[in-house]
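Below: one structure, written as structure tokens.
The values are calculated or read from the model by the stated rules, or taken from the named source; none is laboratory data. Quick caveat: nothing in here was measured; it's all calculated off a predicted structure. When we count neighbours, we look across all protein chains shown, and the Cβ atoms used for this are built from the backbone with ideal geometry, even at glycine.
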Amino acid sequence: MVKLGIIGLGTLGTTHAENIIYNAPNAELIAVCARRQEVLDEFNAKHNIKYSYNNFDEMLKNDELDAVLIVTSVNSHFPLVMKAIDADLHVFVEKPLALTTEEAISAQEASERNPGKILMTGYMRRFDPSYAEAKQKIDAGLIGKPIMFRGYSLDHDSGVESAPERGENNGAWYSEMIVHDIDLARWLLGTEAEDIRTIGGCYKHKEFEKYNDIDNACTLMKFKNNLMAMFYTGRTAPHGSHIETEIVGTEGILRISPVPRKDRINIYNKDGVLSECMDDYISRFGEAFKIEIQEFINCIEEGRKPEMTAYDSRMVCETANKAYEAYVCGELVKM
């Protein structure tokens, strides 16, 4: 039985915690950590976890722990990851691995110095059944040689009034969002980016300009072997959470979720034929989050490493930061 602790009990942290409690038969959540006592009290009123902490350093002293999950603001990922590695624990950290490329490199190097432990970053789209099947079909040559990746990651246009302040703790929203598609592009194309150009701006929500951030942007990348990638990242989708991916190959095209349908229901009324869309990423990737955490636990139990390495996590972070640099400078940036 793998014994885990978690720091961060927001929406996603609670999702991960409850997936361990209810869906992981070979694991036990024995410790939770949050800064605010009322958050711990509310969570424990439902789940009655054995140990509760307001301080991560104190939780790391618990010698019953095998691993920790870090689901906190992005600017805290790196220091918490380093502390957990130093405590000789397996580590799952939500994406991205770190706020800066330099931090990501340091985390990668620290992980590689302790090869007996796992450092896994939470890129859940890899674990979504549709994406996993797409990867299998691409590897089987169903569409020939992949030559282009196209990714849309669009947030629903709601709740953005409070979002700019998140930049102080999480960096540019653009960078935090595009990492998902960069991970997919590297995974599905099987190579690294070389040249990057980003254009965009604050077309609807001018409040993001204060943080030199965007509400819509388009990034073009040339990958090695002359492969192509296009990323559209936005936060003003009126219809819901829209995650769409296309891989163009020499012998075919593969698309994942071209319409972000909530279900298989069509509504016929005076406005035409309507399909409701996903409200948020938790609804879209609920199954992927379960599979992702189960894979982390299984890797610990079976003594193997996950497919996504610390190097992969570092390269996603580095590429995203280069894409943001390309937006800020308005010029072509090379990796």
Q: Take the range 19-48 and flag every residue that is touching a helix residue (DSSP H, G or I) at 6+ places or on another chain (Cβ under 7 Å) and among the β-branched types (Val, Ile, Thr).
A: 20, 21, 32
Q. Among the residues of the range 293-335, how many are under 27 Å from residue 3 (Cα atoms), over 18 Å from the mean Cα position of the chain (by Cα) and hydroxyl-bearing (Ser, Thr, Tyr)?
A. 0
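Assess whether residue 321 counts as being closer than 30 Å to residue 105 by Cα and either touching a residue at least 24 places away in the same chain (Cβ under 8 Å) or not aliphatic (A, V, I, L, M) (or both).
Numbers: closer than 30 Å to residue 105 by Cα: yes; either touching a residue at least 24 places away in the same chain (Cβ under 8 Å) or not aliphatic (A, V, I, L, M) (or both): yes.
Spelling it out, residue 321 is indeed closer than 30 Å to residue 105 by Cα and either touching a residue at least 24 places away in the same chain (Cβ under 8 Å) or not aliphatic (A, V, I, L, M) (or both).
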Q: Just name the residue that is farthest from residue 87 (Cα to Cα) out of those in the range 8-35 that are crowded, with 16+ Cβ neighbours inside 10 Å and among the small types (Gly, Ala, Ser).
A: 24
Q: Would you be able to tell me the number of residues in the range 36-75 that are under 24 Å from the mean Cα position of the chain (by Cα) and over 21 Å from residue 86 (Cβ atoms)?
A: 2
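So, in the range 202-222, exactly how many residues are without any contact (Cβ under 8 Å) to a residue 40 or more places away in the chain and touching a strand residue (DSSP E or B) at 6+ places or on another chain (Cβ under 9 Å)?
Start the filter on the range 202-222 by keeping residues that are without any contact (Cβ under 8 Å) to a residue 40 or more places away in the chain, which leaves 202-203, 206, 209, 216, 218, 220, 222.
Of the ones still in play, those that are also touching a strand residue (DSSP E or B) at 6+ places or on another chain (Cβ under 9 Å) are 202-203, 209, 216, 218, 220, 222.
Residues that pass the stated criteria total 7.
Taking the range 115-143, which residues are in a helix (DSSP H, G or I), touching a residue at least 60 places away in the same chain (Cβ under 8 Å) and over 23 Å from residue 318 (Cβ atoms)? Quick ask: steps written out before the conclusion?
Taking the range 115-143 as the starting set, the residues that turn out to be in a helix (DSSP H, G or I) are 124-127, 129-139.
Within this subset, residues satisfying the condition of being touching a residue at least 60 places away in the same chain (Cβ under 8 Å) are 124-127, 129-131, 134, 137-138.
Result: 129, 130, 134, 137, 138.
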(Q) Of all residues being charged (D, E, K, R) and over 26 Å from residue 334 (Cα atoms) in the range 202-221, which is surrounded by the most Cβ atoms within 10 Å (Cβ to Cβ)? Just the residue, please. (A) 207
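Determine which member of the set 40, 4 is in a helix (DSSP H, G or I), modelled with pLDDT of 95 or more and either under 24 Å from residue 282 (Cα atoms) or out of contact with any strand residue (DSSP E or B) (no Cβ under 7 Å at 6 or more places or on another chain) (or both). Working first, answer last.
Working: 4 fails: in a helix (DSSP H, G or I).
Only one candidate passes the filter, namely 40.
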Q | Conditions (1) at pLDDT below 95; (2) outside any strand (DSSP E or B); (3) surrounded by 16 or more Cβ atoms within 10 Å (Cβ to Cβ); (4) not small (Gly, Ala, Ser): number failed by residue 181 | A | (1)
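Do we have any residue at all in the range 261-283 that's β-branched (Val, Ile, Thr) and in contact with a His (Cβ under 9 Å, 6 or more places away or on another chain)?
Initial filter on the range 261-283 (β-branched (Val, Ile, Thr)): 265, 267, 273, 282.
Filter again for in contact with a His (Cβ under 9 Å, 6 or more places away or on another chain), leaving none.
No: the range 261-283 contains no residue that is β-branched (Val, Ile, Thr) and in contact with a His (Cβ under 9 Å, 6 or more places away or on another chain).
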Q.
Can you find, within the range 155-178, the residue that is farthest from residue 122 (Cα to Cα) among those that are at pLDDT 80 or above and over 16 Å from the mean Cα position of the chain (by Cα)?
A. 157
**Q.** Identity of the residue in the range 87-117, of a type in the set (S, T, N, Q) and under 17 Å from residue 175 (Cα atoms), that ends up surrounded by the fewest Cβ atoms within 10 Å (Cβ to Cβ)
**A.** 100
Q: Please state which of the following conditions residue 49 fails to meet, knowing it meets all the rest: (1) touching a Leu at 6+ places or on another chain (Cβ under 8 Å); (2) in a helix (DSSP H, G or I); (3) among the β-branched types (Val, Ile, Thr).
A: (2)
